[in-house]
Amino acid sequence: MVNLGLLSAAALAVTGAFASPAKRTCDNIHVRRNWNNLNGDEKSSFLGAIQCMMQKPTLSINGVDQVSRYEDFVYIHQYPGYAIHWVGRFLPWHRWFVYAYHQELKDCGYEGAMPYWAWEQDWQDLSASNIWNADPNIGFGTYGNFDYNNVYNSTTITDGAFANHQINFPYPHQLTRNLPMTANYPWSGPGPYCQRGYNPENMRNLSSIATYKDFSVALESPDPIHNPHDFPGPHGAIHLALWGDMRTDGVNNSSPNDPLFFMHHSNVDRIWKSWQELDESHLYDFAGNTDYYWDTGMRSGIPAQLEDPLLYGGVGALGSENLKIKDVMDTTEWPLCYTYEDLEPWVVR
């Protein structure tokens, strides 16, 4: 039985209704906006809602006690492991994950649509992005102070809305990033290696990909076994560039510990939406593998299909057993009901 505990009341109403044969429509299409286009009050409200989630008690998903409602989401992302990365369901799984996160923010008083960080617009110097802001009312913070004793060999964030934020899962530590450090890890950080993943040429190349299967692999990143030190895809490049909590890999998958994770994945979803808008045949194009083995880098399992359920690693706490991949392919249809204020420049509306 799928546990629906993590969802807010609004999201529960959405997922529960899939048991009904009646076709529902969107009452309103919400427009997700670029973080740079939000005013100070909107940014403050968004960050305040995240802080609210960090204070709300855990829902003890599957009997596991996290510290907060926010860390419930970290647990859900960690638990499925390789069932949600380097597989066909990578994009739809994260699409619903970010949607459910936004529902929790709404329960904490946030009234706006989910924003996104358009990091490809910062490709020339990621460290100069407007996303880095030390103001505790409107900023995600900057880079903090480097500490070799830090659990992730990174910098503890000491400014912004999440200064010295204590993280408990999977290891006790404070929120970390490591954006400016490139000397010790020359293939990470915002330098040439990662920059190739989100520069204009690579972003344009995405528009020429004909199938979902190939597009998903290119956007996510070729897997680390077969492609450990070649340039990553846009999604993987940002995780590596930010390092710290965003870089976690292997069995951890705890990158949602950094609130920038959801801003990042909202943009990944926007890029997928851009590709879907290129051709009507793209909207429900879906394929790929269903399993990935970290030790061998093997993509395997039965072929992924639109009828596959959007399960969450056995804990399932973000959807219902009736929710399928096909139900989240079109963001302008119920239950998602959203679009973006702008898509990639290669999309002509």
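When peptides 235-241, 279-285, 133-139 are sorted by average Cβ neighbour count within 10 Å, with the highest value leading, the order is 235-241, 133-139, 279-285. With a Förster radius of 25 Å applied to the C-beta separation of D27 and E341, the computed FRET efficiency comes to 0.80. A crude spin-label estimate for the pair E307 and D279, with each label 7 Å from Cα along the Cβ direction, gives 2.6 nm.
Readers should treat all values here as calculations from the given coordinates under stated rules, not as data from a laboratory. Note that this is a predicted model, so its numbers are computed, not measured. In this analysis, Cβ positions are derived from the backbone assuming ideal geometry, glycine residues included, and neighbour counts consider all displayed protein chains.
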